[in-house]
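These notes concern the structure reproduced below.
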Amino acid sequence: MFGDLTGIMGKLKETQKKIEETKKRLDSVLIDESSSDGLLKITITANRQIKAVDIAPSLFEDREQLEDYLVITLNKAIEKATKVNEAELASVAKDGMPNIPGMDMFK
């Protein structure tokens, strides 16, 4: 019984370490998103940290339009980054989970 528990705890610690390593790696995964006309470009990490914003000079002429572009494009970039982040972390967690009867929540 305790041998199994020790093995499970070791596996969980190993999985936690892999999750932390994956989180660090996701800091270097860059996701680019652009407005439909290409006037605004956003680069964000898979951990949802904004790395770059490129704004066409014509957008500075209309503050309301620029704000709309920023909201829409940032939300799209964050959505993409969140999907990548969640997929990567779920994959690591699923692979690292010990086989505990009745705990098949990752299937």
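Every number in this text was worked out from the coordinates using simple rules, so none of it is lab data. A quick note: this is a predicted structure, and the numbers were derived from the prediction, not measured. Here Cβ is always computed from backbone atoms with ideal geometry, including for glycine, and neighbour counts include all displayed protein chains.
Put a dot 7 Å past the Cα of residue 55, heading toward its Cβ, do the same for residue 82, and the two dots end up 2.4 nm apart. Taking Lys and Arg as +1 and Asp and Glu as -1, the other residues whose beta-carbon sits under 14 Å from that of residue 10 total +2.
Structural size metrics of the chain, computed from C-alpha coordinates, are Rg and Dmax of 20.2, 70 Å. Once the C-beta distance of residue 9 and residue 71 is scaled by a Förster radius of 35 Å, the resulting FRET efficiency is 0.15 to the nearest 0.05. When the chain is described by a simple charge dipole with +1 on each Lys and Arg Cβ and -1 on each Asp and Glu Cβ, the residue from 65, 7, 91 located farthest towards its positive end is 7.
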